[in-house]
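Asker: Below is the structure I would like to discuss, written out as structure tokens.
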Amino acid sequence: MKKEYYRQLPKVDELLENDVVQVLIETYTRRLVLLIINETLDHIRKQIGQLQENETLDIRVSSIIQQVEQGVKMRHAFKLRRVINGTGVVVHTNLGRSSLSPSIAEHLVEVAMHYSTLEFNIENGKRGSRYSHIESILCELTGAEAAMVVNNNAAAVMLVLNTMAAGKEVIVSRGQLVEIGGSFRIPEVMKLSGAKLVEVGATNKTHLRDYASHITEETALLLKVHTSNFKVLGFTQEVSSADLCTLAHGLDLPVYDDLGSGMLIDLSKYGLMKEPTVQECIADGIDIVTFSGDKMLGGPQAGIIVGKKEYIERMKKNQLTRALRVDKMTLTALEATLRFYRDELQALKEIPTLHMLTKSYESISEEAALFTTKLGILDQINYRLDDEYSEVGGGSMPLEKLLSKVFVFNHQKISADGIIRYLRAYNPPIIGRIKEEEVLLDFRTLNIEEQQIVLEAILLLDKQ
Ligand SMILES: *Cc1c(COP(=O)(O)O)cnc(C)c1O
């Protein structure tokens, strides 16, 4: 029986002559179509090999051609593309962390599609610096003397430690030796940078005297690390930035704070947890501050370094900077994002990450109610609206719970897993989550346009 299947399998040449395949070749190249034909036939041979008694397999030419067509289209489709985030996790690392404001799209495309002032000083016609575009606005917004930008915050940490402390010692509190996202560990980064880690204090408590008693001739830097993704609760003590600066500056030592998320707006005004802003760190006297461009700042992936001019100048001259440098797309998106911060209300409105984080429960509920009104009564889908908590995500504010509204539903014929798969296969893919055999979509991370797409996807699913 299996032999018969193998014998009936069409030859590659035969498939290549098929009219449908000919059209595919014209559109997608012979190379790609041939590759997929071979893969499809290999796959079918494997299926034949695994056939049990009484099982059958459709190996008609028409069915194989259909598989090839699907395969070619799938292979040619973009792999990195937009999705709709229904998870309620705002800074979702797996889904690209922050999305940019639609209002900067035109400018971004213009710079990308043309020559630009990247390293050209338009005033004197001489060679310029790619950092100059972003430096003045960063200084204006944070109160720092100087600023620069590298590829991401991990690169910024590496550059600061290497520039300031290679071959020397860096003092860090034991309570701040964090691992972020499973791959970024302060002790490892420290080792790679050539600096030597000196741990002081205990995990839950570190006093100023712990830092003071470990300062030696070899000390180059006092480091503070924002414990982004965990909180030590209960009986805890950290040294304040101001106290640390008084101690360090008295001994001519700089203090560096790796803020991680780095915010320019105090979101406690909008009901979120109080976190130090970059401006506050600078005002406290911190000499160097680093933070991510795409966490709570809501811009492109980047590592931002602000601080005293003498230190930033040294970093710009470090050879590592050449290897960590940002491209023009990043710089353009970052400058455009930072410009919104001149007006706090505009930043909250225009920067999607900030908009989603500060969206009120009331306005989310209103959108959710309108959504269900439009949906009406369905045949096979049962749904309701529930209160749930969204998360900040990105390892930021781990304890913050943002009250939100979620669309909760199930289908008479399709399991929760099946629904999740259907949503993922939708164009654009919709990402939700399962809770107790029901599918949840959080309105906090869905804008109005996305809610409309979700609505259409749900209506279509109801007919299946
Ligand atoms: C996230 C984070 C980093 C790494 O930043 P990336 O932008 O992901 O490279 C470093 N330090 C802290 C404290 C962080 O929270």
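Asker: Hand me the GluC sites (Glu not before Pro) from segment 415-461 located in a DSSP loop with no more than 10 other Cβ atoms within 10 Å, in residue order please.
Answerer: Sparse-neighbourhood loop GluC sites (Glu not before Pro): E436, E437.
Asker: While we're on this one: Using θ = phi - 60° and the Karplus curve 6.51 cos²θ - 1.76 cosθ + 1.60, what whole-Hz ³J(HN,Hα) does each residue of segment 184-190 get, with Gly and Pro shown as x?
Answerer: Once rounded to whole Hz, the list reads 10, 10, 4, x, 6, 4, 4.
Asker: Could you compute the FRET efficiency for K11 and L80, with r as their C-beta to C-beta distance and R0 at 51 Å, rounded to 0.05?
Answerer: 0.90
Asker: Please find the FRET efficiency linking E140 to K374, where r is the Cβ-Cβ separation and R0 is fixed at 60 Å, and quote it to the nearest 0.05.
Answerer: 0.85
Asker: Between S62 and S132, 0.36 nm times their residue separation minus their Cα-Cα distance comes to what?
Answerer: 19.1 nm
Asker: Here's another thing I want to ask about it. Where the centroid of each part is defined by its Cα atoms, how far is segment 109-188 from segment 50-64 in Å?
Answerer: A separation of 58 Å, based on Cα centres.
Asker: Given Cα pairs under 8 Å that are at least 6 residues apart, what percent is the relative contact order of the chain?
Answerer: Relative contact order, the chain: 18 percent.
Asker: I would also like to ask the following. Greater than 31 Å separation of Cα atoms is the criterion. Which listed pairs, K73/K374; K46/K73; K401/K463; K168/K316; K224/K316, meet it?
Answerer: As for pairs spanning more than 31 Å Cα to Cα, those are K73/K374; K401/K463.
Asker: Okay, moving on. Report the extension gain between I434 and Q47 in nm, rounded to one decimal, defined as 0.36 nm multiplied by the number of residues separating them, less their alpha carbon distance.
Answerer: Gain on stretching I434 to Q47: 136.1 nm.
Asker: Would you mind calculating the gained length between A112 and M273 on full extension (0.36 nm times residue separation, minus the Cα-Cα distance), in nm to one decimal?
Answerer: 54.2 nm
Asker: Go through K196/K295; K196/K317; K295/K359; K269/K349; K269/K309 and tell me which ones have a Cα-Cα distance over 20 Å in this structure.
Answerer: K196/K295; K196/K317; K269/K309
Asker: Ignoring everything except DSSP H segments at least 4 long, calculate the 222 nm mean residue ellipticity for the chain; use -39,500 (n - 2.57) per segment, divide by total residues, nearest 500.
Answerer: Here the helix-only value at 222 nm equals -13000 deg cm²/dmol.
Asker: Out of residues 5 or more away from R433 or on other chains, whose amide H comes under 5 Å of its own, with H placed 1.01 Å from N in the peptide plane?
Answerer: L440
Asker: If you don't mind, there's one more thing I want to ask. Can you tell me what percent of all Cα-Cα pairs in segment 2-75 are more than 17 Å apart?
Answerer: When all Cα pairs of segment 2-75 are counted, 40 percent exceed 17 Å.
Asker: I need the phi-derived Karplus couplings for segment 62-74: 6.51 cos²θ - 1.76 cosθ + 1.60, θ = phi - 60°, integer Hz, Gly and Pro marked x.
Answerer: Going residue by residue, I get 4, 6, 5, 4, 4, 5, 5, 4, 4, x, 5, 5, 5 Hz, with x marking Gly and Pro.
Asker: How would segment 101-350 be classified by its alpha-carbon gyration tensor: rounded, prolate or oblate, with rounded meaning a/c under 1.5 and the a/b versus b/c comparison settling the rest?
Answerer: prolate
Asker: Express the Stokes-Einstein translational diffusion coefficient of the chain in µm² s⁻¹, to the nearest whole number, given a Kirkwood radius over alpha-carbon pairs, 25 °C and a viscosity of 0.890 mPa s.
Answerer: Taking Rh from Cα pairs, D becomes 95 µm²/s.
Asker: With a ≥ b ≥ c the root eigenvalues of the C-alpha gyration tensor of segment 207-348, is it rounded (a/c under 1.5), prolate (a/b larger than b/c) or oblate?
Answerer: oblate
Asker: Still on this structure, I have one more. Which residues does the label zone of N38 cover in segment 1-26, counting backbone N under 16 Å from a point 7 Å along Cα→Cβ?
Answerer: Output list for this probe position: 11-16.
Asker: Further question on the same structure: FRET efficiency for E26 and H249, Cβ-Cβ distance as r, R0 = 45 Å, nearest 0.05?
Answerer: With R0 = 45 Å, the Cβ-Cβ based efficiency is 0.05.
Asker: Sticking with this structure for a sec: Please state the shape class of segment 69-174: rounded when a/c is under 1.5, otherwise prolate if a/b exceeds b/c and oblate if not, all from the C-alpha gyration tensor.
Answerer: Oblate shape, in that a/c is at least 1.5 and b/c is the bigger or equal ratio.
Asker: Restricting to bridges with both residues inside segment 145-299, how much of the DSSP beta-bridge set is antiparallel, in percent to the nearest 5?
Answerer: Roughly 10 percent of the beta bridges in segment 145-299 run antiparallel, per DSSP.
Where a number appears in this text, it was derived from the coordinates with a stated rule and is not lab data. Worth saying up front: this structure is predicted, and the values here are computed from it rather than measured. Virtual Cβ from ideal backbone geometry, glycine too; neighbours counted across all protein chains shown.
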